[in-house]
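Okay, structure first, notes after.
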């Protein structure tokens, strides 16, 4: 068997160009197959780890997926705001342990600005009930102070005591910046691998202050004077959503029903876990389509290998005949072709795995910056190794086709010149 393996290796070296092209075809196929699977599982993990220990998320009346996306993942916009009175009434409900208000709608150089209060830093959890921690500084205490997520500080090169300007709306342009009201950086959060890293956090009072004199996205009146603001001007009037932690999870459904039938204004209360489950259900068709496409790419790669082996087989009929003349039996010729096919798939798979990790290493910061998803570079899972095993098995079956043809070649057929 060792002689057969050595002979197969020498045969591949003698056909370097063809073997290399086949190798690259298999490698790219495996890279795409594993890449789709890894991005799919890592994206799910990243989404699932974004929020933890939050029992309900409350927003204006809308679908639960939409509410989850804009309140937690900073994707999209709310259909409407919530009155501050409604937030206070619900947050003081006997079953509520803590509440985190969130006000969205502004931005800073492509990053979302979140108006909130100290409850955010105290009660917000991600991953496995992990709290937010500060890499530098502390939470804001004054109106025009801000806490940056780790990615914001890193991408824009901010340090403590730097000043930033917040823009009205999601488009950061010169005409919609609150440039008369700069914010001072007082804290930078430690990395979390969630949208928190890409957020600029300010107080709810600051959100009210920067919008004095603004109506419908335009500066129509006199803006705020930072040295002459009173508590009445800074009192919140509306927020975008709020998160609730309950004293007992048994009360979740009762409170959800109470909020969904709230009489003062139309509200929706969702459970993050159920909303995520619905989101995965909506994405399942796209996931299956991607897996099918990547599967077809693998099939195309293996068919390319089959074509290469069959083409080379016609050119190697005399080689097979010489091997038979030197004492090689039909099974040896069969084993030679099988070994070549298996070697091409095995080395192609290894090359594909290496290419996958190279692309993940290069693309990880780009994916995180543009989509807010942290794709961790982890070892291949058991399922991914199974996919590699299926590819190897498919390569073995594909390699058996030219091997069977070579097995049937006779000595005289190989020695006879065909005109």
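Listed from fewest to most Cβ neighbours within 10 Å, the set 305, 283, 243 follows the order 283, 243, 305.
Were the residues from residue 289 through residue 118 laid out at 0.36 nm apart, the gain over their Cα-Cα distance would be 57.2 nm.
Would you mind getting me the FRET efficiency between residue 53 and residue 307? Use the beta-carbon distance for r and R0 = 51 Å, nearest 0.05. It comes out at approximately 0.35.
Would you compute the Debye intensity of region 14-165 from its alpha-carbon atoms alone, equal scatterers and no solvent, and pass along log10 I(q)/I(0) at q = 0.18 Å⁻¹ to two decimals? Taken in order of the listed q values, log10 I(q)/I(0) reads -1.29.
Of the peptides 92-99, 106-113, 394-401, the ranking by mean beta-carbon count within 10 Å, highest at the top, reads 106-113, 394-401, 92-99. Volume per residue for region 56-270 equals 123 cubic angstrom (convex hull of Cα atoms). Residues 265, 287, arranged from fewest to most other Cβ atoms within 10 angstrom of their Cβ, appear as 265, 287. For residue 235 and residue 265, the FRET efficiency from 1/(1 + (r/R0)^6), where r spans their Cβ atoms and R0 equals 22 Å, is about 0.75.
Residue ranges 40-53, 196-209 sort as 196-209, 40-53 when ordered by packing (mean number of other C-beta atoms within 10 Å per residue, highest first). When you count the other C-beta atoms within 10 angstrom of each residue and take the mean per peptide, 21-30, 61-70 line up highest first as 21-30, 61-70.
Across region 56-270, the mean sequence separation of Cα contacts (distance under 8 Å, 6 or more residues apart), normalised by length, yields a relative contact order of 32 percent. By the count of other C-beta atoms within 10 Å, a proxy for reagent exposure, 122, 278 are ordered fewest to most as 122, 278.
Every number in this text was worked out from the coordinates using simple rules, so none of it is lab data. Computed from a predicted structure; not experimentally measured. Methodologically, a virtual Cβ is constructed for each residue, glycine included, from the backbone with ideal geometry; neighbour enumeration extends over all protein chains shown.
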